[in-house]
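Here's the structure we're looking at; comments come further down.
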Amino acid sequence: MNIKSFFMLAALLVALPLGSAQAQAAKGPKQLLADQFKSSKRVTFIKVEVNVGQRKQIEQQLGRALPKDRYTFYVAMSGDRVDGYAIFDAEKGQHENIDLAIFFDASGKVQRVEVVQYREAYGDAIRAERFRRQFVGKDGKSAYRAGDDIDVISGATISSKSVARAVKRAAVLLHQTVLKDEVAQQPAQRASL
């Protein structure tokens, strides 16, 4: 590479927007929890182990097998009041996992979906707020049908469907485990962060 080409390449790299999805440093779980639950007094967590009965109900609702037996839900609280819930999970895209953070209000309605890590070479348009905002207000009873009540992104069809599956799984898990336990007043395994 000659000196002129080197300086042209350097100028191009400097001119790239630092706000692009690839250039931004990904926020970690602690940062995302702090951002979402900034008015909460504390964030704890509940480790959920899906029992056989729950698994059958959940898998029937999802129309597919659960990939794991254990999940961790974060619970934002102010005093004895639950402010909301969060889960960090992954769903397989075309070739690689897509890491997601899904936030819920106290009743289990989706408040926010964040793509924490996207590893595919293309299809990262699912990071766009317009796509992620479609999930807001949905809960464990919502359909999450890609191409029907969830618009898929051209060039990111598989990733769009993967995100829809992950958000639905999180919402159904929350409703079938944590929220049922809260209503039934069954003791749950909790710990403070």
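The values are calculated or read from the model by the stated rules, or taken from the named source; none is laboratory data. Only a predicted model underlies this, so the values are computations on that prediction, with no experimental measurement involved. Cβ sites come from the backbone with ideal geometry, for glycine too, and all protein chains shown count toward neighbours.
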- Message: For the range 176-193, check the following and say yes or no: at least one residue is within 14 Å of the chain's Cα centre (by Cα) and at pLDDT 95 or above.
- Response: no
- Note on the structure: By residue number, the members of the range 40-84 that are within 24 Å of Val163 (Cβ to Cβ), in a helix (DSSP H, G or I) and either touching a Cys at 6+ places or on another chain (Cβ under 7 Å) or of a type in the set (A, V, I, L, M, F, W, C) (or both) are Ile58, Leu62
- Task: From the list Val43, Val52, pick out the single residue that is among the β-branched types (Val, Ile, Thr), over 12 Å from the mean Cα position of the chain (by Cα) and surrounded by fewer than 18 Cβ atoms within 10 Å (Cβ to Cβ).
- Result: Val52
- Message: Would you confirm whether or not the range 85-99 contains a residue that is surrounded by fewer than 22 Cβ atoms within 10 Å (Cβ to Cβ), free of Cβ contacts under 8 Å to residues at least 40 places away in the same chain, outside any strand (DSSP E or B) and in contact with a Gly (Cβ under 6 Å, 6 or more places away or on another chain)?
- Response: no
- Message: Every residue in the range 134-180 that is assigned to a helix (DSSP H, G or I), of a type in the set (A, V, I, L, M, F, W, C) and either touching an Asp or Glu at 6+ places or on another chain (Cβ under 6 Å) or buried (at least 19 other Cβ atoms within 10 Å of the Cβ) (or both), please.
- Response: Phe135, Val163, Ala164, Ala166, Val167, Ala170, Ala171, Val172, Leu173, Leu174, Val178, Leu179
- From the options Ala76, Ala11, Ala65, residue that is small (Gly, Ala, Ser), out of contact with any strand residue (DSSP E or B) (no Cβ under 8 Å at 6 or more places or on another chain) and either modelled with pLDDT of 95 or more or surrounded by 11 or more Cβ atoms within 10 Å (Cβ to Cβ) (or both): Ala65
